[in-house]
Amino acid sequence: DSTLQGSLQVAVGGEIHQIAGGEHQALTTNQGVALSDNQNSLRANPSGPTLGEDFILREKITHFDHERIPERVVHARGTGAHGFFELTTSLKQYTTARILTEVGEKTPVFTRFSTVAGGAGSVDTPRDVRGFAVKFYTKEGNWDLVGNNIPVFFIQDAIKFPDLIHAVKMEPDRGFPQSATAHDTFWDFISLTPESMHMVMWIMSDRTIPRSLRMIEGFGVHSFRLVNDSGESTFVKFHWRPKLGLQSTIWDETVKISGADQDFHRRDMFDAITSGNFPEWEFAVQLFTQEEADTFPFDHLDPTKLIPEELVPLKVIGRMVLDRWPNNFFAETEQIAFCPSHLVPGIDFSNDPLLQGRLFSYHDTQLSRLGTPNFHQIPINAPKCPFSNQQRDGHMQMAQQAGRVAYEPNSLSGESPRETPTNGFHSAAVTETGVKGRVRAASFADHYSQARLFYISQTAYEQAHIASALVFELSKVEHVHVREAIVGHLRHIDEALAQRVAAGLGFGKIPNAPVPARPVQEMQPSPALQIIGKM
Ligand code: HEM
């Protein structure tokens, strides 16, 4: 016998076996039965068939056969970490939410970054939006801020989301490409969906080829509401700003990195956190009233619009530090379930029709992804404050409710949970009037002003990158009418950009494109940006 790192090795029948001993536990079945041999299945004789009675083999293989769960229907490829949020400025005047009023309090968080289109095993560095989802384990329950690294979205209404994703994902007949944007179906959908043009400008910019996940911004995208102790509500947009600054690669670098290291962003985050180089973000808000919103030249409930900082400046109110890599990727990063409807008292939704659809979608998809209505009991999803209600049973129930009472109200149990009228969750008191119908607000109709604002606020080289990206992506599109339609949209954004892309695609002149519309809103970037733009 010899000792190897605390375990024992013994020779049995001429073979070396490692056995329990020293610091090692015994290897057992799921029923706790110690295994004598983990190298050989039970056979009728050394050259004979394997016996069906080998429960040890069957248990091991059966569990292996069921290791995979469905990947997320979008945002399947992700990287997450634990950390904390610390409030530095109180918003007490606007909200009762403790996480936004208790300065200095550190709230645990788990943050997951993701790409949108690729599968769970896809490369980290395609041109794609990055998800930026934060679960705050507050003392008043879990609050999930499920955002992206781009402040606007492709579509204005959640009913278009399945179409968008079907156009973005690999095509159903051929199962490729994994790339979100370089193919016919994506551009076909986009060309017929003018509301996506603002987002398309951001997607074609270097923001979608980040240098590191530690260097991306995050946005809650939609307007939310904060509600104070008098029941008054204020609109809010949430922002994350990386301490390391926003940094991107250029396309040629991205292409090389994608080939050389498919896990480039995940490895970078792992290396940073495990070496004590903790990534950090500032947390900022834009606060505005309904009266102020009424003066904006766009509708803040339209998720294809942002609120320029010239109109509503950012107010930095806290910071997030990610300082602990998960112990187990599957248990934490894979099983975490974010949901925009996870709110805490003092925060509420707006009527943004994209947000309203998201409120339903996440929990619904997670019922099949995680396979049980009890997935909130998985440790990464469970609140870190006490939680208790009369829901019971269901697949994989872990909670053991004691006693005979599982309903409310009741008079039989003094200990069962009760409503909390004072500081429980109250929806903002909002008056709704009007006629029910499948209609879109007229205020959502301007699709080009902010696309133009974004484009003209870019530096000369950033504009060149956008033009090159459009040429590269559109050159993968087989259908010429789709290419032409996109060039037509670009004319509404910037004539020079349209010309540049048309030339890059080999069109002699802009073909069959409609005459550009007059701008609905002639928005200008701030003076500082105009100066940079001339560089
Ligand atoms: C997943 C963001 C729009 C449905 C995600 C994730 C993020 C995200 C960050 C990944 C969560 C994670 O890391 O686990 C956004 C943003 C949107 C948006 C910022 C628009 C502003 C929508 C819409 C729908 C939707 C409109 C549906 C109507 C989903 C679904 C998942 C998902 C089903 C998978 C959730 C899971 O399996 O855990 N989204 N999304 N998203 N999103 Fe969205």
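Brief remarks follow.
- Selection from region 136-155 of residues that are out of contact with any strand residue (DSSP E or B) (no Cβ under 9 Å at 6 or more places or on another chain) and within 16 Å of the ligand (Cβ to nearest atom): Phe153, Phe154, Ile155
- Only residues that are closer than 20 Å to Val321 by Cα and not in a loop (DSSP other than H, G, I, E, B) were counted across region 85-128, and they come to 15.
- Of the criteria (1) within 28 Å of Lys106 (Cβ to Cβ); (2) more than 12 Å from the ligand (Cβ to nearest atom); (3) surrounded by 21 or more Cβ atoms within 10 Å (Cβ to Cβ), which one Phe329 fails: (3)
- Ala76 meets the conditions (1) within 12 Å of the ligand (Cβ to nearest atom); (2) among the small types (Gly, Ala, Ser); (3) within 19 Å of Asn327 (Cα to Cα) in every case but one. The failed one is (3).
- Residue count, region 408-460 (criterion: assigned to a loop (DSSP other than H, G, I, E, B) and of a type in the set (A, V, I, L, M)): 8
- Residue within region 179-197 that is touching a Gly at 6+ places or on another chain (Cβ under 7 Å), surrounded by 23 or more Cβ atoms within 10 Å (Cβ to Cβ) and among the small types (Gly, Ala, Ser) present: no
- Residue in region 479-496 that is basic (Lys, Arg) and touching a helix residue (DSSP H, G or I) at 6+ places or on another chain (Cβ under 6 Å) present: yes
- So Val405, is it over 30 Å from Gln391 (Cβ atoms) and assigned to a loop (DSSP other than H, G, I, E, B): no
- Looking only at residues in region 334-362 that are surrounded by fewer than 17 Cβ atoms within 10 Å (Cβ to Cβ) and under 16 Å from the mean Cα position of the chain (by Cα), the one that is farthest from the ligand (Cβ to nearest atom) is Ser341.
- Selection from region 62-82 of residues that are hydroxyl-bearing (Ser, Thr, Tyr) and surrounded by fewer than 19 Cβ atoms within 10 Å (Cβ to Cβ): Thr62
- Enumeration of residues in region 406-434 that are more than 30 Å from Asn228 (Cα to Cα) and among the aliphatic types (A, V, I, L, M): Ala406, Leu412
- Residues (over 15 Å from Pro242 (Cα atoms) and without any contact (Cβ under 8 Å) to a residue 60 or more places away in the chain) located in region 271-292: Asp271, Thr274, Ser275, Gly276, Gln286, Phe288, Thr289, Gln290, Glu291, Glu292
- Index of the failed condition, Ala133 passing every other in (1) near the ligand (Cβ under 9 Å from one of its atoms); (2) among the small types (Gly, Ala, Ser); (3) not in a strand (DSSP E or B): (3)
- Listing of helices (runs of 4 or more DSSP H) fully contained in region 156-266 that carry 2 or more residues being more than 13 Å from the ligand (Cβ to nearest atom) and modelled with pLDDT of 95 or more: 184-191, 197-203, 251-260
- Looking only at region 224-261, residues that are farther than 18 Å from Pro313 by Cβ, of a type in the set (A, V, I, L, M) and more than 21 Å from the chain's Cα centre (by Cα) come to 5 in all.
- Breaking point among (1) under 14 Å from His239 (Cα atoms); (2) in contact with a His (Cβ under 9 Å, 6 or more places away or on another chain); (3) not in a strand (DSSP E or B), for Pro313: (2)
- When the residues of region 99-122 are filtered to those that are over 22 Å from Phe329 (Cα atoms) and within 24 Å of the chain's Cα centre (by Cα), the one that is farthest from the ligand (Cβ to nearest atom) is Lys106.
Results for (1) under 26 Å from Phe296 (Cα atoms); (2) in contact with a strand residue (DSSP E or B) (Cβ under 9 Å, 6 or more places away or on another chain); (3) exposed (fewer than 12 other Cβ atoms within 10 Å of the Cβ), shown as yes or no for each residue.
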site	(1), (2), (3)
Val405	no, no, no
Pro409	no, no, yes
Ser443	yes, no, no
Arg491	yes, no, no
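- Every test in (1) in contact with an Asp or Glu (Cβ under 8 Å, 6 or more places away or on another chain); (2) not in a loop (DSSP other than H, G, I, E, B); (3) not charged (D, E, K, R) is passed by Phe472 save one, and that test is (1).
The values are calculated or read from the model by the stated rules, or taken from the named source; none is laboratory data. Computed from a predicted structure; not experimentally measured. Neighbour counts run over all protein chains shown; Cβ positions are idealised from the backbone, glycine included.
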